[in-house]
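Input: a single structure, listed below in structure tokens.
Every number in this text was worked out from the coordinates using simple rules, so none of it is lab data. All values derive from a computational prediction rather than experimental measurement. Every residue, glycine among them, receives a Cβ derived from its backbone with ideal geometry; neighbour counts consider all protein chains shown.
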Amino acid sequence: MLTRICAGGVVFFKDKVLILKNEKSEWILPKGVIRPGRLAQEVAVERVKVEAGVNARIVSCVGETCYEFYSVTRQKPVCNQITWFLMEALSEDCTPNTELGFSDGGFYPIEKALDMITYSQDKALVSTSYKRYLEYCKERSNDEKNEVII
């Protein structure tokens, strides 16, 4: 079995999450293979930009997932091991990369996105990540209130 080490982003803008529709009409999260000499964080930020046209920054790591599938082109099973990063978009602008096979995508309200996302593993990841994102936003808001202006 071929194992691919990947990185991806669970990207939020306010109360919405970024999802993309791929060439198989599956609603997924942006991700890609980590090539030698690259960092997982670099790949996650890059894939969000390349696949969705979204500029985002990493807030924290939110975990890992793993799934297996049969690759018709490689004629063998493949295991994708993905490190996921909680990310915050700088704007709601999104342009799915049609050259890479993405036919649709954008930022969707959490409940709607959870209904749309194809894989249960991704749904659980988005749900958990959103809770972490809300905690991050609350902490950031408290930090801003506690800043002393001199």
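Less than 5 angstrom separates the built amide H of Phe85 from those of Gly8, Gly9, Val10, Val62, all sequence-distant by 5 or more or on a different chain. 3J(HN,Hα) along segment 27-37: 8, 9, 9, x, 6, x, 6, 8, 7, x, x Hz, from the Karplus curve 6.51 cos²θ - 1.76 cosθ + 1.60 with θ = phi - 60°, whole Hz, x for Gly and Pro.
In terms of surrounding Cβ atoms within a 10 Å radius of their Cβ, Val54, Val17, Val72, Val11 rank from fewest to most as Val72, Val17, Val54, Val11. Converting the Cα gyration tensor eigenvalues of the chain into ellipsoid dimensions via √(5λ) gives semi-axes, longest first, of 28, 17, 15 Å.
Springs join every pair of Cα atoms under 10 Å in this Gaussian network model of the chain, and among Leu86, Leu114, Leu39 the largest mean-square fluctuation is at Leu39. For Asn55, the residues whose amide H sits under 5 Å from its own are Leu90, Ser91, ignoring neighbours fewer than 5 places away on the same chain, with H placed 1.01 Å from N. Converting phi to 3J(HN,Hα) with the Karplus coefficients 6.51, -1.76 and 1.60 and the offset θ = phi - 60°, segment 103-119 yields 9, 7, x, x, 9, 10, x, 3, 4, 5, 4, 4, 6, 7, 4, 6, 9 Hz in sequence order, with x at every glycine or proline.
This model, with +1 at the C-beta of Lys and Arg and -1 at the C-beta of Asp and Glu, gives the chain a dipole about its Cα centre of some 420 debye. Phi-derived couplings, Karplus 6.51 cos²θ - 1.76 cosθ + 1.60 at θ = phi - 60°, listed residue by residue for segment 10-23: 9, 9, 10, 9, 6, 9, 10, 10, 7, 9, 10, 9, 8, 5 Hz, with x used for Gly and Pro. Taking amide H as placed 1.01 Å from N in the peptide plane, the amide H of Gly105 sits under 5 Å from that of Lys21, each at least 5 places away or on another chain. Rounded to the nearest 500, the 222 nm mean residue ellipticity of the chain from helices alone is -10500 deg cm²/dmol, with -39,500 (n - 2.57) taken per DSSP H run of at least 4 residues. Taking the DSSP bridge list for segment 2-146 and keeping only pairs wholly inside it, about 70 percent are antiparallel.
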